[in-house]
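The values are calculated or read from the model by the stated rules, or taken from the named source; none is laboratory data. Just so it is clear, the model here is predicted, and its values are computed rather than measured. Please note: Cβ atoms are built from the backbone with ideal geometry, for glycine as well, and neighbour counts cover all protein chains shown.
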Amino acid sequence: MEVMLKNLSKHFGKVKAVNNFNLEINDGEFVALLGPSGCGKTTTLLMIAGIYKPTAGSIYFGDNIVNEVLPKDRKIGMVFQSYALYPHMTAFDNITFPLKLLKIPKEERKKRVKEVAKLVQIEELLDRKPAELSGGQQQRVAVCRALIKKPDVLLLDEPLSNLDAKLRTLMRVELKRLQRKLGITTIFVTHDQVEAMTMSDKIALLQLGELQQYSSSDELYNRPVNLFVAGFIGSPPMNFIDVSLEQSEEQFLLKNVDITIEIPSKIGKLIQSHYQNNEIVLGIRPEDIKIDHKKGEEAEVYVVEPMGMQVLVTVKLGNLQIKVLTTPPFTKKMGEKVKLHFNVNNIHLFDKNTEKSLLLN
């Protein structure tokens, strides 16, 4: 089922929870609504579900506007963050409850339960109540309850947030496998960029109720359209440095009182031709900075954070603090000097005033 949001808005008094949101989701796609708390992602999901009525705009399922269609008639399945299982019912009864409301015959209900329970591998747990199930098992029951109605659209509201780290990793794989197998159009709300990037075909990144960028995870990571996207996507986050662009003969330099970086002439000429202001924000990811003891900008080791396969090093360069991602062994101690080499082919440049990327046309 194709889903389209057209100029969708939801206001609570003077608060614009969602503002003029446009989105197109193709049939069978897995799309994540990503962003910090309060950005409007859950509000958007609840409007798609029919729980909230939009202040303005339209929601399309295929060619039909569903704004006035009741939730029970939208052919959606929904999994809540809390799972919302009835504690006095067995897993079997929780799963079949939507079908009871639809007056589906008992034998048909049993047949469908077997089908969905086999899909998520909980056939042996159907006689247990929620208190007798682990968090991951409860989640699988909630997924079964959403799938048993054979929905056209599956809505997931942070379904992994109550699980421990190991189980979250396992369930990410299971949910993605299940979605690919069934081919159901799925909309997934999360504040966790790892979940969004590993599970979804596309990510809609929101801030303060407005869409910032809608694209694949690779596109978000490598071609962020503005400062917010660049800073939100990536862990550890991108380094940002206020600089100005200067030209010295054939050289183009990004400079401030603490740092001077020569950039390729192609980038320098592009900025000069399209940008009159000289206030620029340089963005560079920690993995695009190398600690090179022979050449580069001299800096002082400030903090060393071992992370197993990687080491996160914070260095001081004048008044700047810059994060560098390197590989072990890293033997330098706090206070010792190192030299930094910047991969200038992977830099990002932003207008300091509009915060938009200067390298994307």
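Return yes or no: is L45 modelled with pLDDT of 95 or more, touching a helix residue (DSSP H, G or I) at 6+ places or on another chain (Cβ under 8 Å) and surrounded by 14 or more Cβ atoms within 10 Å (Cβ to Cβ)?
On the way: modelled with pLDDT of 95 or more: yes; touching a helix residue (DSSP H, G or I) at 6+ places or on another chain (Cβ under 8 Å): no; surrounded by 14 or more Cβ atoms within 10 Å (Cβ to Cβ): yes.
In short, no.
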T190 vs. criteria in contact (Cβ under 8 Å) with a residue 60 or more places away in the chain, within 23 Å of A49 (Cβ to Cβ) and out of contact with any helix residue (DSSP H, G or I) (no Cβ under 8 Å at 6 or more places or on another chain): no
Are any of the residues in region 325-344 within 19 Å of E262 (Cβ to Cβ), modelled with pLDDT under 95 and in a loop (DSSP other than H, G, I, E, B)? yes
Among the helices (runs of 4 or more DSSP H) lying completely within region 172-252, list those that include at least 1 residues that are closer than 30 Å to G268 by Cα. 217-222, 227-232
Condition set of a type in the set (S, T, N, Q), over 22 Å from K118 (Cα atoms) and in contact with a Phe, Trp or Tyr (Cβ under 6 Å, 6 or more places away or on another chain), scope region 175-210, selection surrounded by the most Cβ atoms within 10 Å (Cβ to Cβ): answer is S200
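Does Q121 qualify as being part of a helix (DSSP H, G or I), closer than 29 Å to K166 by Cα and modelled with pLDDT under 90?
No.
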Odd one out for P236, checked against (1) in contact with a helix residue (DSSP H, G or I) (Cβ under 6 Å, 6 or more places away or on another chain); (2) crowded, with 18+ Cβ neighbours inside 10 Å; (3) not basic (K, R): (2)
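Yes/no per residue for (1) in contact (Cβ under 8 Å) with a residue 12 or more places away in the chain; (2) more than 27 Å from N26 (Cβ to Cβ); (3) not assigned by TED's automatic domain parsing to the domain that holds K41; (4) not polar (S, T, N, Q):
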site	(1), (2), (3), (4)
K129	yes, yes, no, yes
G135	yes, yes, no, yes
K149	yes, no, no, yes
E158	yes, no, no, yes
D164	yes, yes, no, yes
T169	no, yes, no, no
E174	yes, no, no, yes
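Counting just the residues of region 288-339 that are of a type in the set (D, E) and more than 25 Å from L254 (Cβ to Cβ), which one comes out surrounded by the fewest Cβ atoms within 10 Å (Cβ to Cβ)? Show your work before the answer.
Quick first cut of region 288-339, residues of a type in the set (D, E) only: 288, 292, 297-298, 300, 305, 336.
Narrowing further to those that are more than 25 Å from L254 (Cβ to Cβ): 305, 336.
Values: E305: 12, E336: 9.
Here the answer is E336.
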Unmet criterion (only one of (1) at pLDDT below 95; (2) buried (at least 19 other Cβ atoms within 10 Å of the Cβ)) for F80: (2)
State whether one or more residues within region 159-166 are touching a helix residue (DSSP H, G or I) at 6+ places or on another chain (Cβ under 8 Å), assigned to a helix (DSSP H, G or I) and within 25 Å of H88 (Cα to Cα). no
What are the residues in region 302-361 that are touching a strand residue (DSSP E or B) at 6+ places or on another chain (Cβ under 6 Å), over 30 Å from G268 (Cβ atoms) and free of Cβ contacts under 8 Å to residues at least 24 places away in the same chain, if any? E305, Q310, V311, P328
Meets criteria (surrounded by 15 or more Cβ atoms within 10 Å (Cβ to Cβ), closer than 30 Å to H191 by Cβ, touching a strand residue (DSSP E or B) at 6+ places or on another chain (Cβ under 9 Å) and of a type in the set (A, V, I, L, M, F, W, C)) for I284: yes
Restricting to region 79-124, what's the tally of residues that are of a type in the set (D, E, K, R) and within 30 Å of the chain's Cα centre (by Cα)? 1
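If you go through region 244-251 one residue at a time, do you hit one that is without any contact (Cβ under 8 Å) to a residue 60 or more places away in the chain, under 15 Å from N343 (Cα atoms) and assigned by TED's automatic domain parsing to the domain that holds E298?
no
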